[in-house]
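The next block holds one structure in the form of structure tokens; read it before the comments.
The values are calculated or read from the model by the stated rules, or taken from the named source; none is laboratory data. As the structure is a computational prediction, the values presented were derived from the model and not from experiment. All Cβ positions, glycine included, derive from the backbone under ideal geometry; neighbour counts span all protein chains shown.
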Amino acid sequence: MRAIKKVKRFIEDAPHSFEGLTFAKVILALESGHDFPVTDLYKLNAEEFELAIELLKDWRIDRFYIGKAKAFDTATHATNIS
């Protein structure tokens, strides 16, 4: 499964967790071009950190991938709830 899809599911399953919010903020920063404090990635456990790195790789490769738009919608929703 692609990292974008995994992160989308992670956000949907735990939108209020630190990890879910961190993934949401990463996606919003990637989509909008706004800054994101990279140090927040170091607060994730090893598995989630690797997922974040895979997300960055996928995002770079698939700039126009449809799943990105779905993940962006999920991330926006999660940050608006908080």
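Could you check how many residues of the stretch 1-51 are of a type in the set (A, V, I, L, M), out of contact with any Asp or Glu (no Cβ under 9 Å at 6 or more places or on another chain) and not in a helix (DSSP H, G or I)? Of the residues in that region, 2 qualify. When the stretch 1-32 is filtered for residues that are touching a residue at least 12 places away in the same chain (Cβ under 8 Å) and among the acidic types (Asp, Glu), the ones remaining, listed by number, are Glu12, Glu19, Glu31.
Selection of the stretch 2-29 for residues being under 20 Å from Ile81 (Cα atoms), aliphatic (A, V, I, L, M) and crowded, with 19+ Cβ neighbours inside 10 Å yields Val7, Ile11, Leu21, Ala24, Val26, Ile27. With respect to Lys57, is the statement that it is assigned to a helix (DSSP H, G or I) and more than 11 Å from the chain's Cα centre (by Cα) true? The answer is yes for Lys57. So, Thr76, is that one at pLDDT below 90, of a type in the set (Ser, Thr, Tyr) and either in contact with a strand residue (DSSP E or B) (Cβ under 8 Å, 6 or more places away or on another chain) or in a helix (DSSP H, G or I) (or both) or not? Yes.
Residue-level check: of (1) farther than 15 Å from Ala75 by Cα; (2) surrounded by fewer than 16 Cβ atoms within 10 Å (Cβ to Cβ); (3) among the acidic types (Asp, Glu), Glu48 misses just (2).
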